[in-house]
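Asks: Take this structure first; my questions come after.
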Amino acid sequence: MRYYLIALVMVFLVASASAEITGESVAYKHGDVVLEGYVAYNDATDDKRPGVLVVHEWTGLGDYTRSRCHQLAELGYVAFAVDMYGKGIRPQTTQEAAEQASKYRGDRQLMRDRVNTGLDELRRNSMCDTSRIAAIGYCFGGGTVLELARSGARLEGVVSFHGNLDTPDPGDAENIRCQVLVCHGADDPHVPWDQVVEFRNEMSNAGVDYRLIAYGGAVHSFTNPNSGDDPSTGVAYDADADRRSWAHMKLFFDEVLR
């Protein structure tokens, strides 16, 4: 019996060692627009697992977004990063990023349609348990997943990391059918406190089950190490806020995707 147990342990260790996080580009379309998303998953099993939609910052789908997908895959999810802008459209400057993001922030219906197309693509993934899907987003992406929720999308939860909270029609919060977590930098000059108050009123008036966590001292883009280290600029990485917000997301997912 002892040798049998040892053999089982060895088989388990070998299987674990061979399991890898796999990531690959995914081509899909919104109307005539060609998009290029990214999916990451653990190839140790073919079993279905909860899905997490990931929406990029205003600079588009890049290494940062892909790294978050890999982190989610390590937690046991199949993570799909949407492409909001289109294949090959990856802003290289602040001006280019602002121009791209403004197209969608100025047309919330287009934003909702584009991100819902990504959600449909995730649902088509054979590994995804379509009854357990959540969405997360960063900066521009944080505002996008809130618009996804306001569109009435069938989700279990959305998480916004330092995203914009405003919306043209707060009454659309009546359409939200999932729980909401907002991870906010308390000193974010790009999402001022009056916008936070308006968001709280919007959620409360619609009876949404939401949590809003503000991290003291954190400014905009606090989860991205590429954001610099000078909070006085209004954009800076904060290791503590990054770690804590990821932990809060995991607790949230433990509840809504259990």
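Each reported figure results from applying straightforward, stated rules to the coordinates on display, with no laboratory input. Since the model is a prediction, treat every value here as computed from it, not as a measurement. Every residue, glycine among them, receives a Cβ derived from its backbone with ideal geometry; neighbour counts consider all protein chains shown.
Asks: Long-range amide H contacts for TYR215: which residues qualify at under 5 Å (H placed 1.01 Å from N, peptide plane, sequence gap of 5 or more or a different chain)?
Replies: Under 5 Å from the amide H of TYR215: HIS184, GLY185, ALA186.
Asks: Now, a different point. Taking the Cα atoms only, what angle lies between the long axis of helix 108-124 and the longest principal axis of the chain, rounded to 10 degrees?
Replies: The answer is roughly 10 degrees.
Asks: Oh, and also: Antiparallel DSSP bridges in the chain: what percent, to the nearest 5? Intermediate results must be reported in sequence, preceding the final value.
Replies: Numbers: 13 of 41 bridges.
Percent antiparallel among DSSP bridges in the chain is about 30.
Asks: How do LEU257, LEU72, LEU53 rank when sorted from fewest to most other Cβ atoms within 10 Å of their own Cβ? List each step's numbers first, then the result.
Replies: Numbers: LEU257 19, LEU72 26, LEU53 29.
Final ranking by Cβ density, sparse to dense: LEU257, LEU72, LEU53.
Asks: Arranged by the count of other C-beta atoms within 10 angstrom, fewest first, what order do VAL33, VAL197, VAL26 take? Write down the numbers at each step before the final one.
Replies: Values: VAL33 14, VAL197 11, VAL26 18.
The order, fewest Cβ neighbours first, is VAL197, VAL33, VAL26.
Asks: Something else about it: Helix 94-105: angle to the longest alpha-carbon principal axis of the chain, degrees 0 to 90, nearest 10?
Replies: Roughly 90 degrees, rounded to the nearest 10.
Asks: Here's a follow-up. Please name whichever of ALA101, PRO192, TYR210 sits farthest to the positive end of the charge dipole of the chain, dipole taken about the Cα centre and charges placed at Cβ: Lys and Arg +1, Asp and Glu -1.
Replies: Most positive-ward Cα: TYR210.
Asks: Which three extents, in angstrom, do the Cα atoms of region 103-258 have along their principal axes, listed largest first?
Replies: Largest first, region 103-258 extends 43, 33, 29 Å along its Cα principal axes.
Asks: Quick check on the exposure proxy: order TRP193, TRP246 from fewest to most C-beta atoms within 10 angstrom.
Replies: Least crowded to most crowded, the residues run TRP193, TRP246.
Asks: Under a 5 Å amide H to amide H cut-off, with H placed in plane at 1.01 Å, what residues pair with THR130 once short-range neighbours are removed?
Replies: Those lying under 5 Å, H to H, from THR130: there are none.
Asks: Let me ask something else. Could you go through region 28-39 in sequence order and give the Karplus-derived ³J(HN,Hα) for each residue, using 6.51 cos²θ - 1.76 cosθ + 1.60 with θ = phi - 60°, rounded to whole Hz, and x for Gly and Pro?
Replies: Per residue, the Karplus-derived 3J(HN,Hα) values read 8, 9, 10, x, 9, 8, 7, 10, 9, x, 8, 10 Hz.
Asks: Charges at C-beta only: +1 for Lys and Arg, -1 for Asp and Glu. How large is the resulting dipole of the chain about its Cα centre, in Debye rounded to 20? Write down the numbers at each step before the final one.
Replies: On the way: 25 positive and 37 negative charges, 158 e Å.
Computed about the Cα centre, the dipole is about 760 debye.
Asks: How far, in degrees from 0 to 90, does helix 140-150 lean away from the longest principal axis of the Cα atoms of the chain, to the nearest 10?
Replies: 90
Asks: Another question about this same structure. In a shell of Cβ-Cβ distance under 11 Å around ASP166, excluding ASP166 itself, what net charge do Lys and Arg (+1) and Asp and Glu (-1) give?
Replies: Values: positive: ARG105, ARG108; negative: GLU147, ASP169, ASP194, GLU198, GLU202.
Here the charged neighbours net out to -3.
Asks: Counting only residues 5 or more places away or on other chains, whose amide H sits under 5 Å from the amide H of ALA135 once H atoms are built in the peptide plane?
Replies: So ALA135 has HN proximity to LEU53, GLY157, VAL158, VAL159.
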